[in-house]
Amino acid sequence: MTIRNSLAAIHPLIAARRSPRAFDPARPVSDEAVYAMLEAARWAPSAFNSQPWRFIVGRKGDETYARILDALSEGNRVWARNASLLILTVAQEHGEHGPLRYAWHDLGLATAQLILQVMALGLYAHPMAGFSKDAARDAFGIPVDFAPVAVVAVGYLGDAADLPEALREREDAPRSRRSLSETAFQGTWGHPAVL
Ligand SMILES: Cc1cc2nc3c(=O)[nH]c(=O)nc-3n(C[C@H](O)[C@H](O)[C@H](O)COP(=O)(O)O)c2cc1C
(Lines give C-alpha, C1' and ligand atoms only; values in the text may rest on other atoms or scores of the structure.)
Protein backbone atom coordinates (compact mmCIF):
# COMPACT_ATOMS: atom_id res chain seq x y z
CA MET A 1 0.00 0.00 0.00
CA THR A 2 1.32 3.46 -0.88
CA ILE A 3 0.31 6.58 0.98
CA ARG A 4 1.94 9.59 -0.64
CA ASN A 5 2.96 12.77 1.15
CA SER A 6 2.94 11.23 4.61
CA LEU A 7 4.67 13.58 7.05
CA ALA A 8 4.02 11.66 10.24
CA ALA A 9 3.35 8.16 11.46
CA ILE A 10 -0.33 7.47 12.01
CA HIS A 11 -2.16 4.69 13.80
CA PRO A 12 -1.66 1.40 11.92
CA LEU A 13 -5.42 0.83 11.68
CA ILE A 14 -5.85 4.16 9.92
CA ALA A 15 -2.84 3.56 7.67
CA ALA A 16 -4.05 0.09 6.70
CA ARG A 17 -7.66 1.11 6.06
CA ARG A 18 -8.81 1.16 2.48
CA SER A 19 -12.06 0.52 0.65
CA PRO A 20 -11.65 -2.85 -1.06
CA ARG A 21 -13.96 -4.40 -3.62
CA ALA A 22 -12.67 -7.96 -3.21
CA PHE A 23 -14.60 -9.54 -0.32
CA ASP A 24 -14.63 -13.20 0.66
CA PRO A 25 -18.19 -14.37 -0.03
CA ALA A 26 -17.78 -17.56 2.00
CA ARG A 27 -16.58 -16.17 5.33
CA PRO A 28 -19.34 -14.95 7.63
CA VAL A 29 -18.90 -12.33 10.35
CA SER A 30 -19.61 -13.39 13.94
CA ASP A 31 -22.47 -11.91 15.99
CA GLU A 32 -19.87 -10.59 18.40
CA ALA A 33 -18.09 -8.68 15.61
CA VAL A 34 -21.37 -7.19 14.36
CA TYR A 35 -22.25 -5.99 17.85
CA ALA A 36 -18.73 -4.58 18.36
CA MET A 37 -18.83 -2.44 15.20
CA LEU A 38 -22.32 -1.12 16.01
CA GLU A 39 -21.28 -0.44 19.59
CA ALA A 40 -18.22 1.49 18.35
CA ALA A 41 -20.53 3.64 16.21
CA ARG A 42 -22.92 4.20 19.13
CA TRP A 43 -20.18 5.82 21.22
CA ALA A 44 -19.33 8.50 18.65
CA PRO A 45 -19.59 12.18 19.65
CA SER A 46 -22.56 14.18 18.35
CA ALA A 47 -23.91 17.72 18.58
CA PHE A 48 -25.90 18.04 21.84
CA ASN A 49 -25.49 14.25 22.14
CA SER A 50 -28.36 14.03 19.65
CA GLN A 51 -27.04 10.68 18.28
CA PRO A 52 -28.75 11.25 14.92
CA TRP A 53 -27.61 7.90 13.51
CA ARG A 54 -29.43 4.68 12.74
CA PHE A 55 -28.10 1.53 11.07
CA ILE A 56 -30.04 -1.11 9.16
CA VAL A 57 -27.95 -4.26 9.22
CA GLY A 58 -28.21 -6.90 6.52
CA ARG A 59 -26.36 -10.20 6.83
CA LYS A 60 -25.64 -12.22 3.71
CA GLY A 61 -28.59 -14.55 3.13
CA ASP A 62 -31.22 -12.55 5.02
CA GLU A 63 -34.05 -10.41 3.67
CA THR A 64 -32.53 -7.12 4.89
CA TYR A 65 -29.31 -7.83 2.98
CA ALA A 66 -31.29 -8.65 -0.18
CA ARG A 67 -33.22 -5.37 0.02
CA ILE A 68 -30.10 -3.26 0.54
CA LEU A 69 -28.35 -5.10 -2.31
CA ASP A 70 -31.35 -4.40 -4.58
CA ALA A 71 -31.07 -0.68 -3.85
CA LEU A 72 -27.39 -0.50 -4.89
CA SER A 73 -26.32 0.86 -8.25
CA GLU A 74 -25.31 -1.85 -10.73
CA GLY A 75 -21.65 -0.78 -10.54
CA ASN A 76 -21.59 -1.32 -6.78
CA ARG A 77 -23.79 -4.42 -6.74
CA VAL A 78 -21.34 -6.36 -8.91
CA TRP A 79 -18.75 -6.52 -6.13
CA ALA A 80 -20.72 -5.61 -2.99
CA ARG A 81 -22.78 -8.82 -3.29
CA ASN A 82 -19.74 -10.67 -1.94
CA ALA A 83 -19.66 -8.67 1.30
CA SER A 84 -20.82 -10.48 4.43
CA LEU A 85 -22.72 -7.45 5.70
CA LEU A 86 -24.46 -4.54 4.03
CA ILE A 87 -25.21 -1.76 6.49
CA LEU A 88 -27.50 1.10 5.49
CA THR A 89 -26.66 4.27 7.41
CA VAL A 90 -29.47 6.72 8.14
CA ALA A 91 -29.36 10.28 9.47
CA GLN A 92 -32.07 11.79 11.65
CA GLU A 93 -32.49 15.24 10.10
CA HIS A 94 -35.29 16.51 12.36
CA GLY A 95 -35.78 15.98 16.08
CA GLU A 96 -38.25 17.10 18.74
CA HIS A 97 -36.76 20.60 18.81
CA GLY A 98 -36.37 21.16 15.05
CA PRO A 99 -33.74 20.45 12.42
CA LEU A 100 -30.61 18.53 13.45
CA ARG A 101 -28.11 20.57 11.43
CA TYR A 102 -25.15 18.35 12.22
CA ALA A 103 -26.92 15.06 11.51
CA TRP A 104 -24.81 14.06 8.48
CA HIS A 105 -21.62 15.20 10.19
CA ASP A 106 -22.42 13.10 13.25
CA LEU A 107 -23.52 10.09 11.21
CA GLY A 108 -20.15 10.37 9.43
CA LEU A 109 -18.32 10.35 12.76
CA ALA A 110 -20.25 7.27 13.87
CA THR A 111 -19.56 5.56 10.54
CA ALA A 112 -15.83 6.33 10.82
CA GLN A 113 -15.80 4.72 14.27
CA LEU A 114 -17.68 1.72 12.87
CA ILE A 115 -15.12 1.39 10.06
CA LEU A 116 -12.13 1.58 12.41
CA GLN A 117 -13.67 -1.05 14.70
CA VAL A 118 -14.20 -3.19 11.58
CA MET A 119 -10.47 -2.85 10.85
CA ALA A 120 -9.60 -3.72 14.45
CA LEU A 121 -11.61 -6.93 14.02
CA GLY A 122 -9.54 -7.93 10.99
CA LEU A 123 -12.32 -7.07 8.55
CA TYR A 124 -12.60 -4.35 5.88
CA ALA A 125 -15.35 -1.88 5.04
CA HIS A 126 -16.29 -0.01 1.87
CA PRO A 127 -18.76 2.90 2.14
CA MET A 128 -20.98 3.71 -0.84
CA ALA A 129 -23.22 6.56 -1.91
CA GLY A 130 -24.21 4.75 -5.11
CA PHE A 131 -27.66 3.45 -4.24
CA SER A 132 -31.27 4.51 -4.66
CA LYS A 133 -32.31 6.49 -1.60
CA ASP A 134 -35.98 6.16 -2.60
CA ALA A 135 -35.71 2.38 -2.95
CA ALA A 136 -34.01 2.15 0.45
CA ARG A 137 -36.64 4.37 2.07
CA ASP A 138 -39.46 2.28 0.61
CA ALA A 139 -37.82 -1.04 1.42
CA PHE A 140 -37.55 -0.26 5.13
CA GLY A 141 -40.34 2.25 5.72
CA ILE A 142 -37.86 4.95 6.74
CA PRO A 143 -39.81 7.93 8.21
CA VAL A 144 -39.64 11.39 6.58
CA ASP A 145 -37.49 12.87 9.37
CA PHE A 146 -34.74 10.40 8.48
CA ALA A 147 -32.51 10.27 5.38
CA PRO A 148 -30.79 7.18 3.97
CA VAL A 149 -27.17 8.33 3.53
CA ALA A 150 -24.77 5.48 2.70
CA VAL A 151 -24.36 1.74 2.47
CA VAL A 152 -21.27 0.19 4.08
CA ALA A 153 -20.13 -3.19 2.76
CA VAL A 154 -18.24 -5.19 5.40
CA GLY A 155 -16.42 -8.50 5.17
CA TYR A 156 -13.14 -10.35 5.12
CA LEU A 157 -10.79 -9.59 2.25
CA GLY A 158 -11.29 -11.76 -0.80
CA ASP A 159 -9.10 -12.53 -3.78
CA ALA A 160 -8.71 -9.56 -6.15
CA ALA A 161 -8.16 -12.08 -8.97
CA ASP A 162 -11.88 -12.93 -8.77
CA LEU A 163 -12.92 -9.36 -9.64
CA PRO A 164 -13.78 -8.23 -13.18
CA GLU A 165 -10.64 -6.88 -14.86
CA ALA A 166 -11.46 -3.16 -14.61
CA LEU A 167 -12.09 -3.48 -10.88
CA ARG A 168 -9.02 -5.63 -10.35
CA GLU A 169 -6.81 -2.78 -11.61
CA ARG A 170 -8.47 -0.30 -9.24
CA GLU A 171 -8.01 -2.70 -6.35
CA ASP A 172 -4.24 -2.60 -6.77
CA ALA A 173 -3.96 1.13 -7.59
CA PRO A 174 -1.93 3.22 -5.12
CA ARG A 175 -3.97 5.34 -2.73
CA SER A 176 -3.30 9.05 -2.70
CA ARG A 177 -4.44 12.18 -0.92
CA ARG A 178 -4.14 15.96 -1.29
CA SER A 179 -1.04 17.16 0.55
CA LEU A 180 -1.23 18.31 4.15
CA SER A 181 0.00 21.81 3.15
CA GLU A 182 -3.08 22.20 0.92
CA THR A 183 -5.35 20.80 3.61
CA ALA A 184 -4.35 22.34 6.95
CA PHE A 185 -3.97 26.13 7.18
CA GLN A 186 -2.62 28.63 9.65
CA GLY A 187 -2.90 32.42 9.84
CA THR A 188 -4.76 33.01 6.57
CA TRP A 189 -6.77 30.81 4.27
CA GLY A 190 -4.50 28.75 2.04
CA HIS A 191 -1.37 29.40 4.11
CA PRO A 192 0.02 25.98 5.08
CA ALA A 193 0.11 25.16 8.78
CA VAL A 194 3.73 25.10 9.89
CA LEU A 195 4.41 22.88 12.84
C1 LIG B 1 -19.73 8.91 1.32
C2 LIG B 1 -18.92 7.99 0.46
C3 LIG B 1 -19.48 7.48 -0.71
C4 LIG B 1 -18.76 6.58 -1.49
N5 LIG B 1 -19.40 6.00 -2.57
C6 LIG B 1 -18.79 5.00 -3.22
C7 LIG B 1 -19.49 4.25 -4.21
O8 LIG B 1 -20.70 4.45 -4.47
N9 LIG B 1 -18.82 3.25 -4.84
C10 LIG B 1 -17.50 2.96 -4.56
O11 LIG B 1 -16.96 2.03 -5.17
N12 LIG B 1 -16.83 3.65 -3.60
C13 LIG B 1 -17.43 4.64 -2.93
N14 LIG B 1 -16.76 5.30 -1.92
C15 LIG B 1 -15.38 4.94 -1.59
C16 LIG B 1 -14.40 6.04 -2.05
O17 LIG B 1 -14.29 6.00 -3.46
C18 LIG B 1 -13.06 5.84 -1.34
O19 LIG B 1 -13.22 6.00 0.04
C20 LIG B 1 -12.01 6.84 -1.84
O21 LIG B 1 -11.72 6.64 -3.21
C22 LIG B 1 -10.71 6.74 -1.06
O23 LIG B 1 -10.23 5.41 -1.12
P24 LIG B 1 -9.91 4.59 0.22
O25 LIG B 1 -11.19 4.52 1.04
O26 LIG B 1 -9.48 3.22 -0.26
O27 LIG B 1 -8.85 5.33 0.95
C28 LIG B 1 -17.44 6.21 -1.14
C29 LIG B 1 -16.87 6.75 0.03
C30 LIG B 1 -17.60 7.60 0.83
C31 LIG B 1 -16.98 8.11 2.11
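The values are calculated or read from the model by the stated rules, or taken from the named source; none is laboratory data. What you see is a predicted model, and the numbers here were worked out from it, not measured in a lab. Here Cβ is always computed from backbone atoms with ideal geometry, including for glycine, and neighbour counts include all displayed protein chains. Each accessible area value is taken on the protein alone, full model and side chains, heavy atoms only, with ligands, DNA and RNA left out. Shrake-Rupley method; radii C 1.70, N 1.55, O 1.52, S 1.80 Å.
Below is a table of values for the structure above.
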{"quantity": "Region 42-110 - percent relative contact order, Cα under 8 Å, separation 6 or more", "calculated": "45 percent"}
{"quantity": "Estimated [θ] at 222 nm from DSSP helical runs (n ≥ 4, -39500 (n - 2.57)) normalised by residues in the chain, nearest 500", "calculated": "-10000 deg cm²/dmol"}
{"quantity": "Per residue accessible area in Å² of region 1-131, where ligands, DNA and RNA are left out and the probe is 1.4 Å", "calculated": "54 Å²"}
{"quantity": "Point-charge dipole on Cβ atoms (K/R +1, D/E -1) for the chain, about Cα centre, debye to 20", "calculated": "480 debye"}
{"quantity": "Förster-model FRET efficiency, 30 Å R0, E74 and W189, C-beta, rounded to 0.05", "calculated": "0.15"}
{"quantity": "Separation between Cα centres of region 130-194 and region 85-124, rounded to whole Å", "calculated": "13 Å"}
{"quantity": "Positive-pole candidate from F55, P143, M37, dipole of region 19-174, charges at beta carbon", "calculated": "P143"}
{"quantity": "Of P192, L123, H94, farthest towards positive along the dipole that unit charges on Lys, Arg, Asp, Glu beta carbons give region 36-195", "calculated": "P192"}
{"quantity": "Mean Cα-pair separation over length for the chain, i.e. relative contact order, pairs under 8 Å, 6 or more apart, %", "calculated": "30 percent"}
{"quantity": "Heavy-atom accessible area ranking, 1.4 Å probe, most first, across F23, F48, F140, F185", "calculated": "F48, F185, F140, F23"}
{"quantity": "Rg followed by Dmax, in Å, when region 19-174 is reduced to its Cα trace", "calculated": "15.5, 52"}
{"quantity": "Low-density loop positions, trypsin sites (Lys or Arg not before Pro), region 68-139 - DSSP coil, at most 13 other Cβ in 10 Å", "calculated": "R101"}
{"quantity": "Max mean-square fluctuation residue, GNM over the chain, Cα-Cα springs under 10 Å, options A129, A103, A184", "calculated": "A184"}
{"quantity": "Percent of Cα-Cα distances greater than 17 Å, calculated over region 115-195", "calculated": "71 percent"}
{"quantity": "GNM result for the chain, Cα springs below 10 Å: residue of A125, A16, A44 fluctuating most strongly", "calculated": "A16"}
